[in-house]
Each structure stands twice: as structure tokens, then as C-alpha cells.
Amino acid sequence: MKELKAGKEVNMGKGLIETGVFLLILNILVAALLWEAVSHHWQIVGEGPMVDRAWIRQGHSLSFTELTWENGYLFLLHLLFGFLGNHQVVAVTANIFLQLFGLFLFYRGSRRLTSGVISLGIAGILAIVSIYGFSVVLDSPEHLMWFLGGFGIWLLSFIRPLLMAILSIRSKRKAVKAESKVMQKEAGEEIKPEMEAAKVRVEVKPEGEPEKAKPETETKPAIKLIPNPLPLPKKHVKKEMDYAFEPPKERMHYDLNNYNVNDDYDLKEG
């Protein structure tokens, strides 16, 4: 238990160190990109043809006939200008976020595909490439290519473990089949001598011994039930309900012959 706990603490310490180093690399990249943006007053350098094409104008809409990096970058800028307005600072900010998220995805993907030290080395190299190779004050589709490249590496890092799991399952199935074949072969070799020994054993009947006649169909004895010693309830006897006497029709008037319309039984005399 102590060894497992120590191993977990060591792994946790390595993870914290790797995270701290990557955050340091990311902070250096953020500082460099912000310095470049501030030094150019958050404006696009040069004519900025892609920013001009992506402006939101009345009666003007973007239409693409083919899927290219340039058209994808134009669509992204046009979408951001539609929400945040026609400002060059929006394009510069979008470039910064594409560079930062691209580096993060490159690091996470390489972290799954390789070890932590190698992924940190890749992150450091890519940070230098981002600073000197991709200017955030230029409207270039290379920023989108950078981000999608990191996104592709990140997706690949999920596919690789899945492929490894599938290959391991196949190898396990092959091993199980091989073991079952070996076990069947061994079982067959064990059964074979027993079958041969059984073939050698032959029953020899003595001469002159008459064969036993097969018994005729046996009659099973009748089953005799023991009487129940427990007391049982009395059997139900059907009963009919009737009156004590049957009155004649002459008495079936119910005092209707004594009825008088003028009788007021509800009134009391004072």
C-alpha cells in the first residue's frame, strides 16, 4: 500500500511539473503575441485584402464555390464581424486565439501519443514557430491552418488508443483460440487410449449358457392411500329462503281500502 501511494504521489508530482512547464511556455507565447498586437495598435499591417473582403456591407454577401483555406478564413472573419462589428482588432484577436488554441491542441495530442517530456519539447518548438512564423497582425489563412492542424493531431490522439484496443482484443481472441485448440488436442489424446482399451475388452459368454429371457411387462402395484386422520369441515348443504306463511290474495291490499283523501296525518289538533 505504501509503495502504491508513493507511486501515485510521484506521478502526481510529474504531472504538476509538466503542467507548470506548459503554462510557462503558453504564457511566453501570450506575452509575445500581445506585444506584437499592441506595438501595431491592434491593426492589420498592409492593405489587408482578406479583412476588406470579410467586412459586413449592405447588399454584399460572401459566396464560395470551393472549399479552400482562404475561403474558410474569410468565412470565420465574416462571422466574427457580423457579431462584433467591422473592426480590425477583431481580426487580430481572432489570430491570437487561433495561435493559442492551436498550440494547446498540439500539446494535448502529442501528450497522448508520446511521453510528457517529448510533448513539452514539441510545445516549446511550436511556440517559437508561432512567434516567428505567424504574425498576428497579418490577415493570413495560415492561422486557420495552424489551428486545424492542432485539432487534427488532437483527434488522432483519440483514434490511436482505440486502434490499440482493437488490436489487443484481436490478439487476445487469437490466443484464446490457440489455447482451446491445444486443450482439445490434449483431451483427444487422453480419450484415444481409453477408447482403444474399451475395444480390446470383449465379453465372452460361456458355451451352453442359455440367454436370459426378457421379463414381460411388469404390472405396477396399485397405490393405496392412507385415510386422512385430520378433521374436515362439514359438507355444504344447499338451503332455500322462504316466508313463514303465504298470505292469500284477499290480505294483500296493504290498507289501501281504508285510505281517505281527507285524512291529514301531519296536522295536529290544538
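The values are calculated or read from the model by the stated rules, or taken from the named source; none is laboratory data. In this text the structure is predicted, and so the values were computed from the model without any measurement. So basically every Cβ, Gly included, is an ideal-geometry build from the backbone, and we count neighbours across all protein chains shown. Surface accessibility is based on the protein's heavy atoms, side chains included, excluding ligands, DNA and RNA. Shrake-Rupley method; radii C 1.70, N 1.55, O 1.52, S 1.80 Å.
Here are the numbers:
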{"item": "Residue 62 being within 38 Å of the chain's Cα centre (by Cα), more than 28 Å from residue 32 (Cβ to Cβ) and assigned to a loop (DSSP other than H, G, I, E, B)", "result": "no"}
{"item": "Exclusive hit being among the small types (Gly, Ala, Ser) and either over 25 Å from residue 24 (Cβ atoms) or assigned to a helix (DSSP H, G or I) (or both), set 135, 168", "result": "168"}
{"item": "Single unsatisfied condition, residue 140 versus (1) over 32 Å from the mean Cα position of the chain (by Cα); (2) assigned to a helix (DSSP H, G or I)", "result": "(2)"}
{"item": "Considering residues of the range 27-45 that are touching a residue at least 12 places away in the same chain (Cβ under 8 Å) and part of a helix (DSSP H, G or I) only, the residue most open to solvent (accessible area, probe 1.4 Å)", "result": "28"}
{"item": "Hey, residue 202 of a type outside the set (D, E, K, R) and at pLDDT below 75 or not", "result": "yes"}
{"item": "Qualifying residues in the range 46-87 (those that are in contact with a Lys or Arg (Cβ under 9 Å, 6 or more places away or on another chain) and either surrounded by 14 or more Cβ atoms within 10 Å (Cβ to Cβ) or modelled with pLDDT of 85 or more (or both)) - the one farthest from residue 147 (Cα to Cα)", "result": "86"}
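Let's see how each residue does on (1) open to solvent by 70 Å² or more (accessible area, probe 1.4 Å); (2) within 30 Å of residue 46 (Cβ to Cβ); (3) part of a helix (DSSP H, G or I):
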position: 100; (1), (2), (3): no, yes, yes
position: 109; (1), (2), (3): no, no, yes
position: 120; (1), (2), (3): no, no, yes
position: 151; (1), (2), (3): yes, yes, yes
position: 160; (1), (2), (3): yes, no, yes
position: 173; (1), (2), (3): yes, no, yes
